[in-house]
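Let me give you the structure first, and then I'll get to my questions.
The values are calculated or read from the model by the stated rules, or taken from the named source; none is laboratory data. What you see is a predicted model, and the numbers here were worked out from it, not measured in a lab. So basically every Cβ, Gly included, is an ideal-geometry build from the backbone, and we count neighbours across all protein chains shown.
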Amino acid sequence: MHEYAGYAFRQLKSGVPKPVHLDFPAEIASAKFNDATDLEYYHDKTRYRTESRPYPSPKDIIKAIDLINAARRPMIVSSNGVFYGKAWEALKTLAEKAQIPVVESGAMKGQFSDASPLSANAAPGALASADLVILVGQHCMPIAGEFAFGPDAKYIRIDSVGEDIGRNMPIDLGIVSSEKAALEALADAVRR
């Protein structure tokens, strides 16, 4: 139960795959443990977790650069994954090099300064004019039509969990990667 509760709380924190329900049987709910090592199948987290993160496919980066180069009004939507991945410097580097406006969503604000001329946080009317939307670390995706973007916008989604990409709304390119690695790769590849 300790292990599955750990999985459930990680999913609860990220919102992926969806809401979490825990149901404890009576013998578990009334059991008393001093710590997790009292459990028969307990393993320290260093034995079943890793700090390794996925790196984006070079082919996906090339496709993303092609979409960015073809766009007239691209926009980056920075969300919780950028915060958790500590990718704010990579976000800033990409936005400034490619001159792509950034809007923040989700509970973690402050990844991109509102004082930047590229901040679109105070310009909600700009969302509808974007023709390419780069969703970075958007763990709780809305369904199609819930975003304020135009119906003809193309979407790139960067997420470390491939199973969630394209689930709620269709995308044009999905990049399975840590947000930081993908933003760094895009910043390296994009033209100034």
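Among the numbered criteria (1) surrounded by fewer than 16 Cβ atoms within 10 Å (Cβ to Cβ); (2) modelled with pLDDT of 85 or more, which single criterion is violated by residue 122?
(2)
I've got another one for you. Please tell me if residue 160 is hydroxyl-bearing (Ser, Thr, Tyr) and more than 23 Å from residue 65 (Cβ to Cβ). Quick ask: steps written out before the conclusion?
Values: hydroxyl-bearing (Ser, Thr, Tyr): yes; more than 23 Å from residue 65 (Cβ to Cβ): no.
Answer is no for this residue.
Continuing with the same structure: Starting from segment 26-54, keep only residues that are aliphatic (A, V, I, L, M), then list their pairs with residues that are modelled with pLDDT of 70 or more and part of a loop (DSSP other than H, G, I, E, B) whose Cβ atoms are within a distance under 8 Å, requiring at least 6 positions of separation or different chains.
Sorted first by the residue in segment 26-54, then by its partner, the pairs are 39/33.
Can you tell me which residues in segment 8-26 are at pLDDT 70 or above and assigned to a helix (DSSP H, G or I)? Outline the logic, then answer.
At the first step, the residues of segment 8-26 found to be at pLDDT 70 or above are 8-12, 20-26.
Within segment 8-26, 8, 9, 10, 11, 12, 26 qualify.
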